[in-house]
Each structure stands twice: as C-alpha cells, then as structure tokens.
Amino acid sequence: MEPIQIKNSSTERPIISESREPLVAMNEIENRMFIRSSYYEQQLPDSLQTIYLRRRAAEQLNKALSYLPEDYSFILYDGFRPLQVQSYLFEQVKKETTLLHPTWTMEQVLQRTLKYVAFPSIEEGYPAPHLTGGAIDLTLGDRNGNSLDLGTTFDETNPKSATAYFESNLQENPEALKNRRLLFNSMSQVGFQNYEEE
C-alpha cells in the first residue's frame, strides 16, 4: 500500500465557487457504507440526522468504494453542515483550547482552533467547506460498520490526527498506518483532497 504523500500543503485558502449542484441525501449500502451522523448523535443544536453531499461528491464517494477491499466499508460522520453547527463547533474548540492553554494570547488560541475547525464563514468564494456540501468526514469500517483503528478518534484535536503522522512514526501503530493509507488512497483516487491536519 502506498505511503501518504501530501501534495498540497499550501496555507492559502482555495476559492470555492457555486456549482449549482443539488444536495443529495446519503443512504447506507449494505456492508459497504454506514451513516453515523455524529453531531446529531451528540445532540448538537441544529445538527442534521441525514447526511447530505453535493451530487458530484456523492458520486465520487460511491466510486471510492470500488477502491476498498470487500471486507472494508466507509462510515460517514458528517457532510453538509448548517452554519449554526459550524459556529458551535468553532466556539467549542476555541473554548477547549483556551482551557488547555490559559497563558496563550487570543491570536494563538485562534490559530490552533483554525487548525481543527474552519471559521464559520459564509463569505462568497470562501465559505467554510462543510457549508458547501462538498466536504465529508468519514472513517474506515468493517463489513458490520465497526470503525477500524486509524490512531485517533473522530474530531480528536492533537498532533496524531494529522494525516501523515504515522508516516513519520512507522512503528507506533502499524494498523493505523495501514488503514490511513487505505482511506487516503481510495479517496484521493477519485479526486477528493484530504485536509492534512485530520
């Protein structure tokens, strides 16, 4: 399995343009795709039970399944996200960061917060990616929908969450390394771009 090679490490924000594609509801596929709407299950205010993606993103995700061995599945946690949920998540991570680092300046707190959650922007050309329906949070699972070891939990905010962390720490968790490579390669083959801090 190929190592993870992050190609775009630019800190510049890409310009996002309106595609006019409809949002489509994601459905489970037996033994292959499972829906676990994480924020709805956590009962976050204004969160959605159904996961929606832009039509093209949904098609790409279905195609990515063909790059997974038959005993693997995708577990979807989040797609399109209402602005209220994005704002809530941003404030939560900011609050947690402030508590963890009480001596930091607000600029330091914001810089670390932005590493793990996008600013809740609806600015034309620069909306938070989940507000577009083109971003998705997911993990690998087995045929029964049990999540596999990727080294960290969903939404964990520490250095091990970075996509290539285990590429630099090969012996720390070989199973997580293998699973991250499989997830990264199956998604990038169909055109998805990974956010390198997750």
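Tell me, which residue of the range 25-55 that is over 17 Å from the mean Cα position of the chain (by Cα) and under 23 Å from VAL190 (Cβ atoms) is surrounded by the fewest Cβ atoms within 10 Å (Cβ to Cβ)? So, considering only residues that are over 17 Å from the mean Cα position of the chain (by Cα) and under 23 Å from VAL190 (Cβ atoms), the one surrounded by the fewest Cβ atoms within 10 Å (Cβ to Cβ) is GLU30.
Tallying residues that are surrounded by fewer than 14 Cβ atoms within 10 Å (Cβ to Cβ), in contact (Cβ under 8 Å) with a residue 12 or more places away in the chain and of a type outside the set (Asp, Glu) within the range 70-116 yields 1. Applying the set (1) under 22 Å from ILE4 (Cβ atoms); (2) touching a residue at least 40 places away in the same chain (Cβ under 8 Å); (3) of a type in the set (S, T, N, Q) to ASN158 leaves exactly one unmet item: (2). Say whether the condition of being polar (S, T, N, Q), in contact with a strand residue (DSSP E or B) (Cβ under 9 Å, 6 or more places away or on another chain) and without any contact (Cβ under 8 Å) to a residue 40 or more places away in the chain is met by at least one residue in the range 125-143. No, because not a single residue in the range 125-143 is polar (S, T, N, Q), in contact with a strand residue (DSSP E or B) (Cβ under 9 Å, 6 or more places away or on another chain) and without any contact (Cβ under 8 Å) to a residue 40 or more places away in the chain. Residue count for the range 12-24 under the criterion of being surrounded by 13 or more Cβ atoms within 10 Å (Cβ to Cβ) and either at pLDDT 65 or above or among the acidic types (Asp, Glu) (or both): the result is 4. Of all residues assigned to the range 130-144, at least one qualifies as being modelled with pLDDT of 95 or more and farther than 23 Å from ASN194 by Cβ.
Number of residues in the range 165-180 that are surrounded by fewer than 18 Cβ atoms within 10 Å (Cβ to Cβ), under 24 Å from SER66 (Cα atoms) and touching a residue at least 12 places away in the same chain (Cβ under 8 Å): the value is 2.
When the range 126-144 is filtered for residues that are over 18 Å from GLU70 (Cβ atoms), open to solvent by less than 30 Å² (accessible area, probe 1.4 Å) and among the small types (Gly, Ala, Ser), the ones remaining, listed by number, are ALA128, GLY133, ALA135.
Report yes if SER147 is under 23 Å from GLU41 (Cα atoms) and open to solvent by 50 Å² or more (accessible area, probe 1.4 Å), otherwise no. Yes: the conditions hold for SER147.
The values are calculated or read from the model by the stated rules, or taken from the named source; none is laboratory data. Note that this is a predicted model, so its numbers are computed, not measured. Note: ideal-geometry Cβ built from the backbone for every residue, glycine included; neighbour counts use all protein chains shown. To get the accessible areas, we keep the full protein, side chains included, count just its heavy atoms, and leave off ligands, DNA and RNA. Shrake-Rupley method; radii C 1.70, N 1.55, O 1.52, S 1.80 Å.
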